[in-house]
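Reading through the structure tokens given below for one structure.
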Amino acid sequence: MKAKKLTRRTLAMIGLLALGLGVAVAGTARASEGSGSGTGWIRLAHLSPNTPAVDVYLYSFGNSNAMIVLHHVSYGTVSQYQEVAAGDYSVAMRPAGAAASTEAVLSASVDIAPGHAYTVAGMGPESGLRLAVLDDELTTPSGQALVRVIEASLKQRVATVTFDGSMIAHKVTFGSVSSYQAVPPGTGSVAVTDGSGHVSSQVALKADTVHTLVVLDGTNGLETVNLLDAAGNTDDPVGGVATGFGGTAPHGPSSPVPWLAAIVAGLALATVAALRLRRPSRRPISQG
Amino acid sequence: MRPGRLAAAIALAAGLVAAGAGAGGLVLTRHSAAATPRTPVPALPTPTGPIAAPPQPSDAGQVAAPVSLTIPVIDVSTKLIRLGLTASGALQVPSTTSVAGWYTGSSRPGATGPAVIDGHIDSYAGPGIFFRLIDLHRGNRIYVRRADGTLAVFTVTVVHMYSKNAFPTQKVYGPTPDAELRLITCGGVFDPARGSYLSNVVVYAVATR
């Protein structure tokens, strides 16, 4: 009787223990990480030769407080890229020093897609100033460089641009932008010709980089500015990285099966034995 | 007591002992399966030195090569060795687990593009240089000192864990229009059969202006 009681209680306890363990083991599953970060880039520029300096404001759509304000941006200035959450934005220009509450001279909306970059530039003559939203390329054909031209010169309203003799942009007119051209990487001479003006300068175009050449009115004739729009790796590594040997990883027998087998076998043995202990009491005790 | 009853009593005791040992073993092994704890450490002092003006868009790429890396909030301070690609095209890793390395095919930290640095989470015996990389959060600062003594300062934007089977090469290594940094180590589940972790931890950071 005592053995039976003990067995029952022990069975119950072991059962509870096993149940608890099952829950604990199931609870070690890891939460997985989220995905994409959903950001893009924007930069702001003043490329109108006869427009005085401006203050440039960047607003997240529907928010009257500016995210970014660039003060006293003069002709030829291009900001650095700013990484922002993807979504709708507006860019406004006011005369330099004007209060943020005053009406903007010019504004434009920009839809920033994740992983994309944009240049928002004040372009054209002051009388016809407009904000152009340019899609900036990030990736190049493998091993190549990409180049485009922004014509922002009133002194020479048409420009033809070559890199080491090969054509990059043919007869780009004032206030317009050529499409990107792939060129073999290297250091070479960029020449701006057409009309009366002519300027050439040495430019390094590395593999897997994207450039915008801006033709500007300089104090003496033309100037070209070489903007780096994006840079990638010379060779992108393949796949993941083998940066661990497991010394701090969870360790020990990874399978609970042997232990569970011991529990089950032990309980079976104990149960059979308990039954044997109960049964013989009906037989005569004395044998002699 | 009859021999049969004695045997049964012994069997009962033995069965209970076996079951108890099984339960105990299960508890103990589950308990020891906890990973090495990431104990908080006092933050390193912030490095000081001339912070190179962020590269102008027109002359980016002219910065000096990186020589050391400091991440005060997770107590990382290491020289940076130079890494290339393996024969199969994968990113090389440092030959010791106590230093990190910069991939020479990537941008120099502070120049336009994603600069790539990797390091081990652990050795066979214990924590490696990037053991606590996964503890970084948005807003944490990362400092890279360059050969000319200048500092490039980065701010963490996001930390992701990716399965090595589905590593997003373009997202991690793809071109960027600004100066960014990628710190890479291992993470997730360790597969003893393969002798490697199944995932990579990638920290994304951008140059601080």
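Worth a mention:
- Picking from residues in region A:213-251 that are under 24 Å from A:PHE174 (Cα atoms) and within 7 Å of chain B (Cβ to nearest Cβ), the one that is farthest from the chain's Cα centre (by Cα) is A:VAL225.
- Taken across region B:160-176, residues that are part of a loop (DSSP other than H, G, I, E, B), of a type outside the set (A, V, I, L, M), closer than 24 Å to B:VAL63 by Cα and modelled with pLDDT of 95 or more do not occur at all.
- Residues considered: B:GLY149, B:GLY128, B:GLY89. Of these, the only one that is of a type in the set (Gly, Ala, Ser) and either at pLDDT 95 or above or buried (at least 17 other Cβ atoms within 10 Å of the Cβ) (or both) is B:GLY128.
- Looking across region B:175-197 at every residue that is surrounded by fewer than 24 Cβ atoms within 10 Å (Cβ to Cβ) and more than 9 Å from chain A (Cβ to nearest Cβ), the one that is nearest to B:ASN140 (Cα to Cα) is identified as B:ARG182.
- Exactly one residue among A:ASP135, A:ASP88 is surrounded by fewer than 18 Cβ atoms within 10 Å (Cβ to Cβ), free of Cβ contacts under 8 Å to residues at least 40 places away in the same chain and within 14 Å of another protein chain (Cβ to nearest Cβ), and that residue is A:ASP135.
The values are calculated or read from the model by the stated rules, or taken from the named source; none is laboratory data. As the structure is a prediction and not an experimental result, all values here were calculated from the model. Please note: Cβ atoms are built from the backbone with ideal geometry, for glycine as well, and neighbour counts cover all protein chains shown.
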